[in-house]
Amino acid sequence: MKAYSTLRPRARIGAHAAPRRARGFTMTELVVTLAVAAVLATVAVPSFNAMIATQRARTYASALYATLAKARSQAITLNANVTLRPKAGGWQTGWQLLDANNNVLDDYTAATGINVPGPPATVIYRSSGRLPAGAAPMFQINTTSGSTMIHQCVSVDLSGRPYMQATPTC
């Protein structure tokens with residue numbers, strides 16, 4: 001009994017050994033795939049730029065919100081005034097958080113492409129964690145994506161609590 005005699009001989013090894021479908025893809029298929037990918041990329045890039053601009057404004061607003069909350073907490077903890085002031089280039093370049101002896105408690109450098117028009121020169125938290133009467137600052141954070149303006153607003157009430165919202169005006 002020959003168990004192996006009924007088997008077929010091995011298929012030929014070489015360029016034509018595999019069936020046509022198992023050999024890969026054609027040049028036409030590659031060109032069509034690349035063309036579709038190029039069209040999708042052309043459509044997606046403007047949306048991606050808008051997403052980056054929105055995230056840049058949110059990041060700045062979140063960092064400012066966190067620093068304002070920290071300033072309030074530090075004023076209460078230290079039982080002394082704490083000052084938040086912009087860096088030399090204005091609020092869009094960053095800020096510093098200072099204690100009553102002008103020691104730096106926090107230092108933030110902002111990303112480029114941010115515009116913060118017209119907020120106050122400084123924000124002072126009293127030892128109670130409150131702001132001086134009539135000094136409720138509002139920060140309007142703007143950035144652009146093409147022709148679209150992205151807005152974030154950070155405001156502080158007189159009790160010293162910061163608020164953040166995405167609105168065109170504060």
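The values are calculated or read from the model by the stated rules, or taken from the named source; none is laboratory data. Everything numeric in this text was worked out from a predicted model, so none of it was measured. Cβ: placed from backbone, ideal geometry, glycine included. Neighbour counts: every protein chain shown.
Got a sec? Which of 61, 75, 69, 57 is touching a residue at least 40 places away in the same chain (Cβ under 8 Å), in contact with a Cys (Cβ under 9 Å, 6 or more places away or on another chain) and closer than 19 Å to residue 156 by Cβ? Write out each step before concluding.
Working: 75 fails: in contact with a Cys (Cβ under 9 Å, 6 or more places away or on another chain); 69 fails: in contact with a Cys (Cβ under 9 Å, 6 or more places away or on another chain); 57 fails: in contact with a Cys (Cβ under 9 Å, 6 or more places away or on another chain).
Going through 61, 75, 69, 57 in turn, just one is touching a residue at least 40 places away in the same chain (Cβ under 8 Å), in contact with a Cys (Cβ under 9 Å, 6 or more places away or on another chain) and closer than 19 Å to residue 156 by Cβ: 61.
Just one of the listed residues (164, 149) is surrounded by fewer than 17 Cβ atoms within 10 Å (Cβ to Cβ), part of a strand (DSSP E or B) and in contact (Cβ under 8 Å) with a residue 12 or more places away in the chain, namely 149.
For (1) in contact with a helix residue (DSSP H, G or I) (Cβ under 8 Å, 6 or more places away or on another chain); (2) modelled with pLDDT of 85 or more; (3) under 20 Å from residue 80 (Cα atoms); (4) not polar (S, T, N, Q), each residue gets a yes or a no:
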{"residue": "132", "(1), (2), (3), (4)": "no, yes, yes, yes"}
{"residue": "136", "(1), (2), (3), (4)": "no, no, yes, yes"}
{"residue": "140", "(1), (2), (3), (4)": "no, yes, no, no"}
{"residue": "144", "(1), (2), (3), (4)": "yes, no, no, no"}
{"residue": "148", "(1), (2), (3), (4)": "yes, no, no, no"}
{"residue": "153", "(1), (2), (3), (4)": "yes, yes, no, yes"}
{"residue": "156", "(1), (2), (3), (4)": "yes, yes, yes, yes"}
{"residue": "162", "(1), (2), (3), (4)": "yes, yes, yes, yes"}
{"residue": "169", "(1), (2), (3), (4)": "no, no, no, no"}
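Being among the β-branched types (Val, Ile, Thr) and in contact with a Cys (Cβ under 8 Å, 6 or more places away or on another chain) is true for just one of 109, 93, 167. Which residue is that? Reasoning before the result, please.
Values: 109 fails: in contact with a Cys (Cβ under 8 Å, 6 or more places away or on another chain); 93 fails: in contact with a Cys (Cβ under 8 Å, 6 or more places away or on another chain).
Checking each option against the conditions leaves just 167.
Mind checking which residues of segment 70-87 are part of a strand (DSSP E or B) and of a type outside the set (A, V, I, L, M, F, W, C)?
We begin by selecting, within segment 70-87, every residue part of a strand (DSSP E or B); these are 82-87.
83, 85, 86, 87 - these are the residues of segment 70-87 that are part of a strand (DSSP E or B) and of a type outside the set (A, V, I, L, M, F, W, C).
Mind listing just one residue for me: the one in segment 120-146 that is surrounded by 17 or more Cβ atoms within 10 Å (Cβ to Cβ) and aliphatic (A, V, I, L, M) and, of those, nearest to the chain's Cα centre (by Cα)? Among residues in segment 120-146 that are surrounded by 17 or more Cβ atoms within 10 Å (Cβ to Cβ) and aliphatic (A, V, I, L, M), the one nearest to the chain's Cα centre (by Cα) is 141. Can you name the residue in segment 88-119 that is in a loop (DSSP other than H, G, I, E, B) and in contact (Cβ under 8 Å) with a residue 24 or more places away in the chain and, of all such residues, is surrounded by the fewest Cβ atoms within 10 Å (Cβ to Cβ)? Top of the filtered list is 117.
Please specify each residue of segment 85-107 satisfying the condition of being touching a Leu at 6+ places or on another chain (Cβ under 9 Å) and either among the small types (Gly, Ala, Ser) or closer than 15 Å to residue 118 by Cα (or both). 85, 91, 95, 100 - these are the residues of segment 85-107 that are touching a Leu at 6+ places or on another chain (Cβ under 9 Å) and either among the small types (Gly, Ala, Ser) or closer than 15 Å to residue 118 by Cα (or both).
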